[in-house]
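Take a look at the structure below.
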Amino acid sequence: MSGPGLATQPRKGSQVRSITAYAVDGPYPPGYAPQFSTIRFDMVRSVVVRVDTEDGVTGWGECVGARSNLTMATLINSTLAKLVVGRDASDVVGIWAHLYRSYLHSSGADAAGVIAMSGIDMALWDIRAKLAGWPLYKLLGGASKALPSYAGGLCMSHKPPPELADEARGLAAQGYRAIKLRGGDRPEHDLARFIAVREALGEAFTLMADINTGYSLADLHWAAPRMEPLNLLWLEEPFPPYEREAYRQAARFVRQPLAIGENHFLRYDFQDLLSEGIFSYAQPDVSKCGGVTEIMRIAAMASARKIPLCPHSATTGLNHATSIHVLCAVDNPGWFESDAAPVNPLHHELCSEPYALDAQGCVTPLEAPGIGVTINEDYLAAHSRTPGL
Ligand SMILES: [Mg+2]
């Protein structure tokens with residue numbers, strides 16, 4: 001029973017009126033097709049989620065769809081939206097728990113369901129902060145601060161070492177003080193590329209390396225000791241997320257810090273990883289792990305072990321800006337992953353600018369109420385492949 005003065009009903013007008021998810025494809029311009037290992041990309045894909053309240057407030061969120069973006073959008077439009085429409089839009093924790101109990105508990109949809117609800121949750125936080133008239137970081141309890149950022153996203157693709165060294169020099173010239181290298185090729189090719197960039201940028205430059213789940217245990221046994229002299233800040237995601245035993249073994253023999261999390265979901269996955277002492281940097285993606293609500297919980301769990309939060313961020317400006325808000329509101333902020341891809345239509349054409357890199361290689365949060373990113377609705381409509389949208 002509620003105590004006196006506590007509202008039991010949503011404020012009139014703040015109920016969710018509608019939820020619409022757009023599977024959006026952002027084609028690259030002719031001639032641009034970055035390659036990672038055997039995969040060559042001709043477009044970047046995601047899901048943009050729009051939530052409207054009865055009194056006319058609109059929130060925007062993103063869930064990562066990749067090749068399954070139409071599936072994610074359909075899951076939201078056909079199933080999850082019905083569970084949220086009519087509820088108090090500002091009750092984000094209540095809606096999160098309702099989706100968890102009503103869908104994830106027993107559907108078996110697991111990761112797809114978590115990813116889909118991440119986009120709804122982000123849009124609800126956008127609404128909540130707009131209703132408060134505050135930027136999201138402030139609503140989450142944080143303050144504006146300069147956050148160190150590294151060049152990530154879909155940059156540093158698999159090129160010959162001299163070309164890669166040139167790309168790295170170019171990123172450093174843009175102001176980046178740290179760059180994440182792209183691995184996941186044959187280990188000897190990765191090593192040659194990493195050495196070329198280290199030699200191009202010097203010993204003092206901060207480098208991380210992302211293996212993008214591309215190694216076997218044998219690969220890592222070969223590569224890890226050979227990469228040690230490169231002084232990488234972290235070695236990221238050597239294996240697919242399902243290969244937990246490989247991670248357990250890697251944590252015992254790899255002397256570089258491991259980073260993991262962009263393909264792990266909910267606080268329960270992270271609870272297991274943390275208890276096993278597998279990683280040194282936590283990389284949940286706010287558009288995959290369960291949204292803003294859940295990434296704050298994961299950050300708190302990592303904080304208890306003095307592990308920095310370094311959220312994975314790749315696709316749209318909604319995710320980028322939200323990740324910065326979150327980093328400003330946790331007590332264990334690590335690095336922000338800047339989208340250093342020279343071309344990303346879902347960053348530069350779909351969204352207003354989500355951040356700017358300053359002269360020290362840092363970023364700060366947007367100050368407009370909500371997430372602070374404006375969506376180009378003409379671009380969204382023109383590039384949506386959700387039927388009827
Ligand atoms: Mg990664």
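The values are calculated or read from the model by the stated rules, or taken from the named source; none is laboratory data. What you see is a predicted model; the values in this text were computed from it and never measured. Every residue, glycine among them, receives a Cβ derived from its backbone with ideal geometry; neighbour counts consider all protein chains shown.
Computed quantities for the displayed model
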read-out: Complete set of residues in segment 138-161 that are more than 16 Å from the ligand (Cβ to nearest atom), in contact with a helix residue (DSSP H, G or I) (Cβ under 7 Å, 6 or more places away or on another chain) and not in a loop (DSSP other than H, G, I, E, B); value: LEU139, LEU147, PRO161
read-out: Selection within segment 258-290 - assigned to a loop (DSSP other than H, G, I, E, B), without any contact (Cβ under 8 Å) to a residue 40 or more places away in the chain and within 15 Å of the ligand (Cβ to nearest atom); value: HIS264, PHE279, PRO284
read-out: Residue satisfying all of: in segment 291-322; part of a helix (DSSP H, G or I) and among the charged types (D, E, K, R); nearest to the ligand (Cβ to nearest atom) among these; value: GLU294
read-out: LEU181 being within 14 Å of the ligand (Cβ to nearest atom), aliphatic (A, V, I, L, M) and in a loop (DSSP other than H, G, I, E, B); value: no
read-out: Residue match in segment 37-47 (condition: surrounded by fewer than 20 Cβ atoms within 10 Å (Cβ to Cβ), out of contact with any strand residue (DSSP E or B) (no Cβ under 8 Å at 6 or more places or on another chain), touching a residue at least 40 places away in the same chain (Cβ under 8 Å) and not in a strand (DSSP E or B)); value: yes
read-out: Selection within segment 2-28 - hydrophobic (A, V, I, L, M, F, W, C) and either modelled with pLDDT of 95 or more or under 22 Å from VAL85 (Cβ atoms) (or both); value: ALA7, VAL16, ILE19, ALA21, ALA23, VAL24
read-out: Counted residues, segment 235-252 - those being surrounded by fewer than 19 Cβ atoms within 10 Å (Cβ to Cβ) and either touching a His at 6+ places or on another chain (Cβ under 7 Å) or not in a helix (DSSP H, G or I) (or both); value: 4
read-out: Residues of segment 368-378 satisfying the condition of being crowded, with 17+ Cβ neighbours inside 10 Å and not in a loop (DSSP other than H, G, I, E, B); value: GLY370, ILE375
read-out: One residue from SER68, SER118, SER90 being farther than 24 Å from ARG297 by Cβ and either touching a residue at least 12 places away in the same chain (Cβ under 8 Å) or surrounded by fewer than 16 Cβ atoms within 10 Å (Cβ to Cβ) (or both); value: SER68
read-out: Candidate set: segment 186-198, residues that are buried (at least 21 other Cβ atoms within 10 Å of the Cβ) and of a type outside the set (Phe, Trp, Tyr); chosen: the one nearest to TYR215 (Cα to Cα); value: PRO187
read-out: Boolean, ALA218 is more than 16 Å from the ligand (Cβ to nearest atom), surrounded by fewer than 16 Cβ atoms within 10 Å (Cβ to Cβ) and of a type in the set (A, V, I, L, M); value: yes
read-out: Criterion (within 16 Å of the ligand (Cβ to nearest atom), surrounded by fewer than 22 Cβ atoms within 10 Å (Cβ to Cβ) and modelled with pLDDT of 95 or more) met by exactly one of LEU201, LEU230, LEU207; value: LEU207
read-out: Matching residues, segment 162-178, being more than 16 Å from the ligand (Cβ to nearest atom) and touching a Phe, Trp or Tyr at 6+ places or on another chain (Cβ under 8 Å); value: ALA172, TYR176, ARG177
